[in-house]
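The values are calculated or read from the model by the stated rules, or taken from the named source; none is laboratory data. Every value quoted in this text rests on a predicted model; they were computed, and no experiment measured them. Neighbour counts run over all protein chains shown; Cβ positions are idealised from the backbone, glycine included. Heads up: the accessible areas ignore ligands, DNA and RNA and are worked out on the full protein's heavy atoms, side chains in. Shrake-Rupley method; radii C 1.70, N 1.55, O 1.52, S 1.80 Å.
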Amino acid sequence: MSSSTHVARRATALGPGLALLCVLLALVAFLSITLGSRSIGLPEVLRALGSLDTDGSINSTVTLELRVPRTLLGVLVGAALGVAGAILQGVTRNPLADAGVMGINSGAAAFVVFAITVLGVRGAGVYVWFAFAGAIAALVLVYAIASLGREGATPVKLALSGVAVTAGLASVTTGIVMTNVDALNELRFWQVGSLAGRYAPILTGVAPFLIIALIASLGFGRALNGLALGEDMARGLGQQVTRTRTAAFAVVAVLAGAATAACGPIVFVGLVVPHVARFICGPDYRWILPYSMLLAPIVLLLADVLGRVVVTPDELQVGVVLGVLGAPAFIGIVRYGRMSEV
Amino acid sequence: MTATTPAAPPAAATAGAFRTTRRRRATRSVVVTCSLAVAVTALFVLTMMVGSFQLSAGEVIASVLQLRDDPSVDFVVRGLRLPTAASALAVGLALGAAGTIFQQLLRNPLASPDFVGINAGAGFAAITGIVLLQVGGLAVSALALAGAVVAALLMYVLAWRDGVAGYRFILIGIGATLFFDGLIGYMLTRAQLSDARQAMHWLTGSVGQAEPGELRLLLGAVLLLLPTAVLLQRQLRALELGDDTARALGIRTELSRAGLLATAVVLTALAVAVAGPIVFVALVAGPIANRLLGPATGGIIPAALVGAALLLTADLIAVHLLPTALPTGVVTGAVGAPYLLWLLATTNRQGAGG
């Protein structure tokens with residue numbers, strides 16, 4: 001009785017909270033379109049946004065062809081990384097699970113290097129697809145290896161196989177990069193993680209995957225709540241644990257794979273945001289997933305805007321900003337926050 | 001007194017069985033440790049035999065022990081190959097011991113220095129030196145040493161709250177690693193391509209870049225700290241039972257934990273300063289040693305020896321078996337990964353990796 005009123009109260013507080021986050025996201029997105037290394041007056045931005053067509057001036061071109069796609073990409077990629085992190089942590093019941101730990105970054109990087117050195121591919125627009133394939137291949141490999149043996153993919157085995165695959169792929173990648181200067185030159189810019197220079201073609205390329213996977217991911221709340229009780233308990237409640245896991249991994253592979261492909265490995269969002277969401281929402285994944293989906297792009301866009309503003313006219317890549325600002329925030333959560341169990 | 005007599009025979013039998021098991025464990029532990037020591041010695045000699053100028057085992061041993069005087073052999077062995085081999089040996093011993101101490105202390109197979117921010121701190125300091133300050137050689141190592149120590153201290157201060165508990169330490173370590181990785185990535189994009197290349201080489205880790213001074217320091221530290229770690233191992237055993245039990249046994253938990261952590265940190269920092277942040281050796285040495293030791297797990301010396309064997313083998317492969325000589329770290333990752341995967345695939349226990 002008391003627990004159900006508690007749940008009801010949570011729901012009444014968390015529902016408006018989601019709406020508030022939507023408003024906040026819209027504000028941050030607007031900020032991201034307005035601010036940049038080139039200062040463009042607010043009326044001009046509004047006019048460009050209103051007409052949705054460039055009038056030929058540099059300002060409206062920058063706004064519509066650079067900043068709007070960049071912002072949209074930030075929203076999609078942020079949402080994808082946040083939800084992917086939350087699902088991974090839920091499925092593996094591992095608070096450290098994250099796209100990086102699970103081999104996604106290293107798989108993507110390995111395939112990008114392969115594309116550059118063996119196939120002679122140049123330019124982010126092309127190797128997006130190799131990164132995508134590599135991310136998915138790595139995740140499948142990690143999961144397949146962890147599933148070997150009697151008791152299937154336990155959290156520890158999953159994390160260890162992620163670590164092993166990451167290290168193996170990273171070694172091969174470095175080995176190639178050390179002997180190929182071109183590959184090093186391309187890779188060092190890809191691997192910091194950035195929204196810059198990845199505009200409309202990339203957006204239209206990855207958006208369909210991301211949107212479908214984002215919608216699909218919201219359906220996992222109940223299943224993740226079951227898994228949180230432990231595998232046996234979830235089975236006892238009539239859940240198809242293996243099927244849930246497989247489906248969840250497929251969705252994560254698409255989300256994190258496409259995000260990494262589009263922007264390079266962006267750290268921290270997938271690891272930290274679900275913890276923040278859990279801190280706000282408690283253990284219910286039906287709330288954690290949408291909260292992660294909205295919190296993550298807010299964080300990502302703020303970091304991107306900050307990176308554009310602090311070192312004008314140069315810019316700091318969003319991956320760097322998140323690394324530098326995210327770490328203290330993360331450590332603060334770990335130290336002072338109630339580090340909720342996953 | 002009479003009441004206890006009927007219970008005596010079964011108790012004696014249990015004690016006997018217990019003693020037998022214990023003796024069997026001790027025997028296995030000694031046999032494994034000795035075999036590992038022999039293997040490491042053999043690899044150490046083998047490393048100095050191969051190369052463009054082939055030598056026999058006898059020539060190498062005679063030259064190293066200064067038993068015979070043959071200038072050309074002495075030049076190749078003592079001048080060229082011994083520093084690299086000694087560096088692989090010392091770095092391997094240090095990383096193996098440090099990794100297993102971290103893992104046992106924090107009760108987590110992921111708790112090797114590669115994961116708790118120490119390597120990343122050293123890497124960032126060294127890369128800053130290479131890219132911004134344009135330094136090389138000894139200065140890079142000194143920066144790496146400073147970076148590792150600062151990162152470890154930072155980690156300890158940040159993780160401290162009523163004691164250093166396992167998960168918090170690792171989470172904070174991962175946070176710090178990501179923090180430094182972000183900065184390393186940024187440094188790499190700011191660098192000239194040639195500097196970036198040098199930085200990447202350093203970040204991969206190689207035993208072939210040791211300066212004699214640092215090498216002597218590392219060897220001294222290994223000789224001093226390995227016995228210290230073994231002496232502290234009794235404390236470690238008690239800690240494995242949990243903090244409360246350990247306290248009940250009269251162990252000053254935080255003090256011994258801090259002592260062990262400090263030992264592991266110094267070993268790691270010196271190893272990274274000498275050879276760069278070589279991955280995987282610290283992570284897998286402990287689990288491999290445990291598998292060899294069977295039930296008597298947790299030996300620091302066997303883990304250190306496994307580390308040395310791994311690194312010597314990796315360097316042999318990196319320098320002699322690959323078409324182009326590559327940094328050692330490339331091979332430790334490429335060879336270590338399949339091993340860990342095999343370990344995962346064959347082990348049936350939960351909490352795999354050991």
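General observations
- Test: residue in the stretch B:176-199 that is open to solvent by 20 Å² or more (accessible area, probe 1.4 Å), closer than 16 Å to A:Thr174 by Cβ and among the charged types (D, E, K, R): yes
- Within this structure, A:Leu294 fails the test of being open to solvent by 10 Å² or more (accessible area, probe 1.4 Å) and free of Cβ contacts under 8 Å to residues at least 40 places away in the same chain.
- Here A:Gly270, A:Gly238, A:Gly257 are screened, and the one residue that is modelled with pLDDT under 85, of a type outside the set (Phe, Trp, Tyr) and crowded, with 22+ Cβ neighbours inside 10 Å is A:Gly257.
- Scan of the stretch A:309-323 for residues that are crowded, with 24+ Cβ neighbours inside 10 Å and assigned to a helix (DSSP H, G or I), ordered by number: A:Val318, A:Gly319, A:Val320, A:Val321, A:Leu322, A:Gly323
- Among (1) more than 29 Å from A:Thr92 (Cα to Cα); (2) at pLDDT below 85; (3) open to solvent by less than 60 Å² (accessible area, probe 1.4 Å), the one test that B:Gly298 misses: (1)
- Restricted to helices (runs of 4 or more DSSP H) entirely inside the stretch B:45-161, those with at least 3 residues that are closer than 24 Å to B:Ala325 by Cβ and among the aliphatic types (A, V, I, L, M) are B:57-64, B:82-105, B:118-131, B:138-159.
- Restricting B:Leu219, B:Leu249, B:Leu236 to those that are open to solvent by 40 Å² or more (accessible area, probe 1.4 Å) and modelled with pLDDT under 75 reduces the list to B:Leu249.
- Criterion (in contact (Cβ under 8 Å) with a residue 24 or more places away in the chain, hydrophobic (A, V, I, L, M, F, W, C) and within 12 Å of B:Val32 (Cβ to Cβ)) met by exactly one of B:Ile278, B:Ile301: B:Ile301
- Condition check for B:Val77: away from chain A (no Cβ under 13 Å), in contact with a helix residue (DSSP H, G or I) (Cβ under 6 Å, 6 or more places away or on another chain), open to solvent by less than 10 Å² (accessible area, probe 1.4 Å) and farther than 19 Å from B:Ile278 by Cα: yes
- Counting the residues of the stretch A:154-176 that are open to solvent by 20 Å² or more (accessible area, probe 1.4 Å), modelled with pLDDT of 80 or more and at the interface with another protein chain (Cβ under 7 Å from one of its Cβ atoms) gives 3.
- Evaluation of A:Val181 against (1) modelled with pLDDT under 85; (2) open to solvent by 20 Å² or more (accessible area, probe 1.4 Å); (3) under 23 Å from A:Val142 (Cα atoms) (one fails), failing number: (3)
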